[in-house]
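Visitor: First the structure, which I've put down as structure tokens, then a few questions once you've had a look.
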Amino acid sequence: MAPLTFTPPGYLEDLDAAGRQAWHQLISDLMDRAKTGDPTIPFNAPRPQFFNPAQIDIGPGAATEDVQWTAFPRVVALQSATDHQRWKKADSSREVQDEYCEWSVKRNAENKITTIVFTCEGPEYWRLLARHNPAKVLELYRTHVDPSVAHDDLFDSDGRYIARNRWNDSVSSGAMHLIQRNNTLGDEVEIAGAASIVRSKADGSLMTDTRELIECGQYGVIERNSDPVIGARVNYHARNRSDVTIADPVGVYFAGLDTQRWATPDGTDPGTFWRYTRGDRGRYVRAVLEVPADKPYVLGDVTIDGNPIQFGGQVADFIQMTIRAVAARIGQSTAKPLQGCVDAAGMAGLSAQAFARRPSRRG
Amino acid sequence: MSEDLQYPTRSYPYRARLDRAGPDPSRDLDVSFGESVETPDVPGLKARLVGVDPYAGRDISPGELERLDDPLARLLLKRGTFPRTLQQLLDALNAFNGDPGGVPHQNVFFISEWGQIPLNSTTARYPRQIRYILTRGRNEIGAADILVSTAPPSDDAGIFLQVAAWDRTNEVFHFYERGLRTSTWFWAGSSWDALAPPTRGKGPFDSHVNGAPVMKERKEPWLHWHSISQDIPRQNFPPGHPINRASEDAFVNQCQSAHLLQTQIVEPAVRRWTDARLRRVLGSSGIADPGALMRQVLTATSVNIASARQRSRSAEPDIEIPLTLLVDAETLLKFLPDAPLIIVRVPRPLYEQAISTLQISLRDTQQGFQQAGDAFFAWAVPERAFEDIVVVEALVRRGVLSAQFATALLMIDFTNPIDSARRAALMKHVPSVTVQATGTGGLQAKMLQSIEAAAGATGTNSEEAEIVRFMALREGDWQAEAERRVTALVDAVEARAKTRDGAIDYLRLADSRRRAFRRNRHLAEFDLSLPFSSVADGAPAVELLPDGTVVQRPETTAPSAR
């Protein structure tokens, strides 16, 4: 198998040939950066087991793992006393939706939810699409967010795309793609690269603990659902002496929605209200949850464990997100474990959340 | 290694824990400790309801057989397929993957109390246990119709093989066990058999106390489970261990995080059975056995195990005590939506000092293993079981109990969220005859009548008087009162937790609950589930007071765990 050409996320077909080539190059560059790490930061590099599949063939016998985590932001859950509080908080701002899944909620005149839109499309794709085909960006916004979106809503006077435009920056006026600062493909790829370093402890045993790994490797945000488990699973394969990378098309995707605890007024399967509107072949990047217009009820009349759906966060509890890790040349790596941890102070741009304690009571 | 030694209660007859003190009148052993447990290898399906049937089982009746409509029965057992091993079971199910009634989607989860104990020259000589929980369902994401509990190696008929399978027609779980080293399968009863004598608390229902699947360590960080919080790496098992055989590669590679078992499988399963049960029990003809419902409100019919999110050995500066050590947070906070965030932190140096003072250790008494220190995640404690929480929630949602009345009951001795004799004593106010679910003749009304009468006779300090006062509060005020009392407790605990004596006290409290778990709960199958201390197993229990102090519990009959 020849080294591959990176496919747009979700097998999306928005880009022309030049755009697809640019996308390939963007992902390849991210992979190369994740491979290199930062050698100036002790124990951040080298990363001998991470590889760019556009440079190095995956080869035969590779295995994949769909790493999954819950879409509801764990940091919000840790800062809330009750379910109602955490749902409300998660719905208050896109800034707290940091599990690579963001959403926007539409309500009717009775304040009942009618539609929830979920997205996991990375901002990098949209910036690139905007450079290559701004008309396509406008078309997609009009299709998926609101027909009245205007060009000037999305682009500044210099023609630069505004990712946090009025149609994509709130929890009520629409969500086209991810905007939360930690929800980037670049971060995702870097986490995989950083976590690929097999580390040993002072006693010589291999580091295996999820939290120990992310603390030592200083990748991602410790208290999220996503980053620790992505890192832990990549590292697991690296410890099995595999070379590791992320499967093409690189991205975060919806693994599915579990509606078994839901009930509808008329007994309709609530799973039928969930449809993917962007993405293909199991790699879905946009989902809409709404009751068909011919029903005499709306989403806010559907219950979860007996509670009416009042927040998008209630639904996020039941969404699993996923990335696909690849383990190649299983058992063949001769890379030696690294003994030592990345110094937190030496990490430029370290998220303040990485070491944030939960607020004291009554936060 | 002896499989029986590893899993002494995983093959009926369940053995007496002769090394434990305390009466255990509910045990119904018909063989003595150490006797052979093998039966003739006759492929087939028999009935063996522990407490009723002999160890060898009996012929299953045509009526019983007809009522088995779960996938295990339908696809295998009633068609004459009697697998001896896990692999044979899975192969047999796979043959139906394309059928509408098939259960093609498989999930694998690992649990091991040894999973985080370092493998070194000292520990290498102890047999390390790891169990699989496999599920099979119709859909890729969501409900499982079959839950299998077993251990590696998957091709060994000497390994226990137990199944809980959901019967969609009859809305029950059926419990099965394959006989040791045989192709004989035993139907051990259905969910309804868990709820009443002579089968309540017997056989599978000694741990599936209320008839549904159980996940003891149900919540983050899922102590002992492979999960997003902790890996159970193969490297923690010796090279010759069954988990390291090539035959187990597929299961290892498929192993998923326990958070999926919690949220997609076990919790929905418990809710599913509870909903089905209450639909029948709360019918128009009234509640025939109100006690069976209210015991899940007023007592802890079972427990789960919670722990801190922090690891016992790490650089994290504080340990957050599990809130459910102090209050029945998960239940109460459902009725107090505006409750403040509660976090009680013990500084790590004080935590480590308390660990040392109480000589906390991990032990496997059967193997002679002991290791100083706490479990992998700190401060593991028994807490109110999800299966009880769901019943309380459902009774309120269905209007059988008001949120205020449920809160009034739970606030009695609220600082002792499980095993409260004072709360359990309120069972005397539960009607012993059929009663309507709701209305002026309903369960709550009848209980309140009884409580009010008792309050008049017992004085202002009684539990009944406390309930009457709480029920007189208006909407808004009762929530504020409950929040005030919980907040006052947590204020007190928070302050004491930052002191040496306070940290020791709260660890003593946890230890007391752990000892009660081991003494009173059949669910206490494995020593390594919870740490031990230097306190003798039979030492008096301690309890938490609303002022945050920990004192010896007054001598009363321990509330029944049944």
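Visitor: So the check is Cβ under 8 Å with 6+ separation or different chains; which pairs have a first residue in the stretch A:118-141 that's more than 22 Å from A:ASN183 (Cβ to Cβ) and a second one that's surrounded by fewer than 22 Cβ atoms within 10 Å (Cβ to Cβ) and hydroxyl-bearing (Ser, Thr, Tyr)?
Guide: As it stands, the answer is A:PRO134/A:TYR161, since those pairs meet every condition given.
Visitor: How many of the residues in the stretch B:223-243 are touching a residue at least 60 places away in the same chain (Cβ under 8 Å), touching a helix residue (DSSP H, G or I) at 6+ places or on another chain (Cβ under 7 Å) and not in a loop (DSSP other than H, G, I, E, B)?
Guide: Residues that pass the stated criteria total 3.
Visitor: Modelled with pLDDT of 95 or more and away from every other protein chain (no Cβ under 14 Å), is that true of A:GLY300?
Guide: Yes, satisfied.
Visitor: Please determine, by comparing only the residues of the stretch B:223-253 that are in contact with a Ser or Thr (Cβ under 8 Å, 6 or more places away or on another chain) and of a type in the set (Asp, Glu), which one is nearest to the other protein chains (Cβ to nearest Cβ).
Guide: B:ASP231
Visitor: Further, regarding this structure: Hey, A:ARG199 hits all of (1) more than 19 Å from A:ARG324 (Cα to Cα); (2) out of contact with any Cys (no Cβ under 8 Å at 6 or more places or on another chain) but one; which does it fall short on?
Guide: Every condition holds for A:ARG199 apart from (2).
Visitor: Give the stretch B:282-328 a look and list any residue that's among the acidic types (Asp, Glu) and part of a loop (DSSP other than H, G, I, E, B), or say none. Before you say what the answer is, go through the steps one by one.
Guide: Our first condition is that a residue be among the acidic types (Asp, Glu); within the stretch B:282-328, this holds for B:289, B:316, B:318, B:320, B:328.
B:ASP289, B:GLU316, B:ASP328, listed by residue number.
Visitor: Scanning for something acidic (Asp, Glu) and within 16 Å of A:ILE230 (Cβ to Cβ), does the stretch A:192-214 turn up at least one residue?
Guide: yes
Visitor: I'd like to verify a number: residues in the stretch A:55-66 that are within 9 Å of another protein chain (Cβ to nearest Cβ) and in contact with a Lys or Arg (Cβ under 9 Å, 6 or more places away or on another chain), how many?
Guide: Selection size over the stretch A:55-66: 1.
Visitor: Of the residues B:LEU333, B:LEU350, only one is free of Cβ contacts under 8 Å to residues at least 12 places away in the same chain, of a type outside the set (Phe, Trp, Tyr), out of contact with any strand residue (DSSP E or B) (no Cβ under 7 Å at 6 or more places or on another chain) and crowded, with 20+ Cβ neighbours inside 10 Å; which? Give the derivation first.
Guide: Working: B:LEU350 fails: free of Cβ contacts under 8 Å to residues at least 12 places away in the same chain.
One residue alone meets the criteria, B:LEU333.
Visitor: Another one. Hey, could you check the stretch A:136-173 for residues that are in a helix (DSSP H, G or I) and of a type in the set (Ser, Thr, Tyr) and say which is farthest from A:CYS120 (Cα to Cα)?
Guide: The selected residue is A:THR143.
Visitor: I would also like to ask the following. Would you confirm, using the coordinates I've provided, whether B:ALA408 is outside the structural domain of B:GLU113 (by TED's automatic domain parsing) and surrounded by fewer than 21 Cβ atoms within 10 Å (Cβ to Cβ)?
Guide: It is false that B:ALA408 is outside the structural domain of B:GLU113 (by TED's automatic domain parsing) and surrounded by fewer than 21 Cβ atoms within 10 Å (Cβ to Cβ).
Visitor: Checking the condition more than 14 Å from chain B (Cβ to nearest Cβ), under 18 Å from A:ALA192 (Cβ atoms) and at pLDDT 60 or above, which residue from A:ALA335, A:ALA325 passes?
Guide: Details: A:ALA325 fails: more than 14 Å from chain B (Cβ to nearest Cβ).
Exactly one residue qualifies, and that residue is A:ALA335.
Visitor: For the stretch A:90-99, state whether one or more residues are within 26 Å of B:ASN107 (Cβ to Cβ), under 20 Å from the mean Cα position of the chain (by Cα) and in a loop (DSSP other than H, G, I, E, B).
Guide: Yes, there is a match, as at least one residue in the stretch A:90-99 is within 26 Å of B:ASN107 (Cβ to Cβ), under 20 Å from the mean Cα position of the chain (by Cα) and in a loop (DSSP other than H, G, I, E, B).
Visitor: When residues of the stretch B:254-280 are filtered for being more than 10 Å from chain A (Cβ to nearest Cβ) and of a type in the set (D, E, K, R), how many remain?
Guide: Adding up the residues that qualify gives 3.
Visitor: Continuing with the same structure: Go over the candidates B:SER284, B:SER247, B:SER302 one by one and state the one that is polar (S, T, N, Q), surrounded by fewer than 21 Cβ atoms within 10 Å (Cβ to Cβ) and closer than 30 Å to B:GLN404 by Cβ.
Guide: Exactly one residue qualifies, and that residue is B:SER284.
Visitor: Give the residues of the stretch B:171-205 that are on the phi > 0 side of the Ramachandran plot and surrounded by 24 or more Cβ atoms within 10 Å (Cβ to Cβ), sorted by residue number.
Guide: Keep residues of the stretch B:171-205 that are on the phi > 0 side of the Ramachandran plot, which gives B:171, B:181, B:189, B:201, B:203.
The answer is B:GLY189, B:GLY203.
Visitor: If you take the residues in the stretch A:243-252 that are buried (at least 24 other Cβ atoms within 10 Å of the Cβ) and not acidic (Asp, Glu), which one is farthest from the chain's Cα centre (by Cα)?
Guide: Residue satisfying both the conditions and the ranking: A:VAL244.
Visitor: Are there any helices (runs of 4 or more DSSP H) wholly within the stretch B:445-562 with 3 or more residues that are within 30 Å of B:ILE117 (Cβ to Cβ), and if so which?
Guide: Numbers: elements: B:463-471, B:477-496, B:500-520.
Where helices (runs of 4 or more DSSP H) fall fully within the stretch B:445-562 and carry at least 3 residues being within 30 Å of B:ILE117 (Cβ to Cβ), they are B:500-520.
Visitor: Given the residues A:THR268, A:THR272, A:THR259, A:THR277, which is the only one that is touching a residue at least 24 places away in the same chain (Cβ under 8 Å) and out of contact with any strand residue (DSSP E or B) (no Cβ under 8 Å at 6 or more places or on another chain)? Steps first, please.
Guide: On the way: A:THR272 fails: touching a residue at least 24 places away in the same chain (Cβ under 8 Å); A:THR259 fails: out of contact with any strand residue (DSSP E or B) (no Cβ under 8 Å at 6 or more places or on another chain); A:THR277 fails: out of contact with any strand residue (DSSP E or B) (no Cβ under 8 Å at 6 or more places or on another chain).
From the options A:THR268, A:THR272, A:THR259, A:THR277, the qualifying one is A:THR268.
Visitor: May I pose another question? Conditions: (1) buried (at least 24 other Cβ atoms within 10 Å of the Cβ); (2) among the aliphatic types (A, V, I, L, M); (3) closer than 16 Å to A:PRO337 by Cα. A:VAL189 meets all but one. Number of the miss?
Guide: Among (1) buried (at least 24 other Cβ atoms within 10 Å of the Cβ); (2) among the aliphatic types (A, V, I, L, M); (3) closer than 16 Å to A:PRO337 by Cα, the lone unmet condition for A:VAL189 is (3).
Visitor: Which one of the conditions (1) surrounded by fewer than 22 Cβ atoms within 10 Å (Cβ to Cβ); (2) more than 14 Å from every other protein chain (Cβ to nearest Cβ) does B:GLU113 fail to meet, given that it meets all the rest?
Guide: Only one criterion is unmet by B:GLU113, namely (1).
Visitor: Can I ask one more? State the number of residues belonging to the stretch A:67-84 that are more than 9 Å from chain B (Cβ to nearest Cβ) and assigned to a loop (DSSP other than H, G, I, E, B).
Guide: Summing the residues that are more than 9 Å from chain B (Cβ to nearest Cβ) and assigned to a loop (DSSP other than H, G, I, E, B) in the stretch A:67-84 gives 3.
Visitor: Another question, then. Any idea how many residues of the stretch A:256-275 are under 16 Å from A:ASN307 (Cα atoms) and facing another protein chain (nearest Cβ under 10 Å)?
Guide: Total satisfying the criteria: 5.
Visitor: Every residue in the stretch B:129-176 that is within 14 Å of chain A (Cβ to nearest Cβ), touching a strand residue (DSSP E or B) at 6+ places or on another chain (Cβ under 9 Å) and not β-branched (Val, Ile, Thr), please.
Guide: B:GLY137, B:ARG138, B:ASN139, B:GLU140, B:GLY142, B:ALA143, B:ALA144, B:ASP145, B:TRP166 - these are the residues of the stretch B:129-176 that are within 14 Å of chain A (Cβ to nearest Cβ), touching a strand residue (DSSP E or B) at 6+ places or on another chain (Cβ under 9 Å) and not β-branched (Val, Ile, Thr).
Visitor: Considering the stretch B:145-165 alone, what residues qualify as being aliphatic (A, V, I, L, M) and either more than 14 Å from B:ALA92 (Cβ to Cβ) or modelled with pLDDT under 95 (or both)? Steps first, answer last, please.
Guide: If we filter the stretch B:145-165 for residues that are aliphatic (A, V, I, L, M), which is where we start, we get B:146-148, B:151, B:157, B:159, B:161, B:163-165.
Within the stretch B:145-165, B:LEU147, B:ALA151, B:ALA157, B:ILE159, B:ALA164 meet the criteria.
Visitor: Looking at A:ILE222 and the list (1) among the β-branched types (Val, Ile, Thr); (2) at the interface with chain B (Cβ under 9 Å from one of its Cβ atoms); (3) within 17 Å of the chain's Cα centre (by Cα); (4) outside any helix (DSSP H, G or I), which single condition is not satisfied?
Guide: Among (1) among the β-branched types (Val, Ile, Thr); (2) at the interface with chain B (Cβ under 9 Å from one of its Cβ atoms); (3) within 17 Å of the chain's Cα centre (by Cα); (4) outside any helix (DSSP H, G or I), A:ILE222 violates only (2).
Visitor: Spot the failing condition for A:SER173; the list is (1) modelled with pLDDT under 95; (2) within 30 Å of A:PRO228 (Cα to Cα), and only one is missed.
Guide: (2)
Visitor: If you take the residues in the stretch B:359-418 that are of a type in the set (Phe, Trp, Tyr) and not in a helix (DSSP H, G or I), which one is farthest from the other protein chains (Cβ to nearest Cβ)? Show your work before the answer.
Guide: Applying the first criterion (of a type in the set (Phe, Trp, Tyr)) to the stretch B:359-418 yields B:369, B:376-377, B:379, B:386, B:405, B:414.
Imposing the further condition that a residue be not in a helix (DSSP H, G or I) reduces the set to B:369, B:376-377, B:379, B:414.
Working: B:PHE369: 19, B:PHE376: 8, B:PHE377: 10, B:TRP379: 16, B:PHE414: 16 Å.
Across the stretch B:359-418, the extreme among qualifying residues is B:PHE369.
Visitor: Find the residue count for the stretch B:306-319, including only residues that are in contact (Cβ under 8 Å) with a residue 40 or more places away in the chain and facing chain A (nearest Cβ under 8 Å).
Guide: 1
The values are calculated or read from the model by the stated rules, or taken from the named source; none is laboratory data. Every value quoted in this text rests on a predicted model; they were computed, and no experiment measured them. Cβ atoms come from the backbone with ideal geometry, glycine included; neighbour counts cover every protein chain shown.
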